[in-house]
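Quick note: the coordinates plus some simple rules give every number you see, no bench work behind them. Predicted, not measured: the structure shown is a model, and the values here were computed from it. Counting neighbours? That spans all protein chains shown, and the Cβs are built from the backbone with ideal geometry, glycine included.
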Amino acid sequence: VRILVDMDGVLSDYEGGFLRRWRDEYPDAPFVRLSDRTTFYIADQYGEDARPLVRRIVLEPGFISGLQPIHGSVSALNAMDLAGFEVYICSSPLSEYRNCVSEKYEWIEKHLGGSWVDRMIVTKDKTLIKADILIDDKPSVCGVEDPPPWEHIVYDQPYNRQEVGKRRLTWNTWEAVLMADVGA
Ligand SMILES: [Mg+2]
C-alpha cells in the first residue's frame, strides 16, 4: 500500500506557526482561534485587508523551516514505514517558491532525518503521482487526473470539516483507519 503524506497541516503545524507569528507581529489585530478556523486558506478568513500581511508572514525566511511538527506526526510516519506501508511525503510548494522549497527539505531533514529527504515528492499536481492513498488536509485535491489515482483521506482539521463523505484521520487514529486497508 503506497501512501502519500502531505506536509503543511499534516506533518508540520502551519496554522499554529502562522498564528504565533501573527500575534507577535500584529498584537493589536484581530485573530482567529485555531478551533474557529473555517477556510483552508488563512487569508480567506482573515479578510482582504489582511491578505498582504498573511502573505508576508508565510513567505518570510524561516517560517516553513521553523514550523513545529504536528503532535504525533513524526512517530506516526516512522510507524507507518515500519508497518510496511510504502510512504512518501508529497508537498505542493507555493508559487513564490524561493524560501519554501528548500525550507521544506530542511524541515524534513531536521525532524524526520536524512533518509526521508529522498522520499520527498514536490509537485503542483498530486493527481499525477500514482499511489493508493493521499493523506492531505486540503478539503479537495484536484488536478489533471480526474478521478485521481488515489483515495484522498482527509487529515482532520477544523478548517476542512465541510468536506464530508471522505475518510478522515489524525495521528491519533491513523492505525485504526489504515489497518482496515491491509486487513491487519
Ligand atoms: Mg496541507
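Can you tell which of ILE89, ILE42, ILE64, ILE70 is within 22 Å of LYS130 (Cα to Cα), of a type in the set (Val, Ile, Thr) and within 15 Å of the ligand (Cβ to nearest atom)?
When all the criteria are applied, what remains is ILE89.
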### Query
What helices (runs of 4 or more DSSP H), lying completely within the stretch 66-184, carry at least 1 residues that are of a type in the set (D, E, K, R) and either within 16 Å of the chain's Cα centre (by Cα) or surrounded by 15 or more Cβ atoms within 10 Å (Cβ to Cβ) (or both)?
73-82, 97-111, 174-182
### Query
Out of the residues in the stretch 64-119 that are among the β-branched types (Val, Ile, Thr) and in contact with a strand residue (DSSP E or B) (Cβ under 7 Å, 6 or more places away or on another chain), which is nearest to GLY9 (Cα to Cα)?
ILE70
### Flag for ARG20 being without any contact (Cβ under 8 Å) to a residue 24 or more places away in the chain, surrounded by 14 or more Cβ atoms within 10 Å (Cβ to Cβ) and of a type in the set (D, E, K, R)
yes
### Message
I want to confirm something. Restricting to the stretch 6-35 and keeping residues that are within 18 Å of GLU163 (Cβ to Cβ) and either of a type outside the set (Asp, Glu) or more than 18 Å from the chain's Cα centre (by Cα) (or both), which single residue is farthest from the ligand (Cβ to nearest atom)?
### Response
SER35
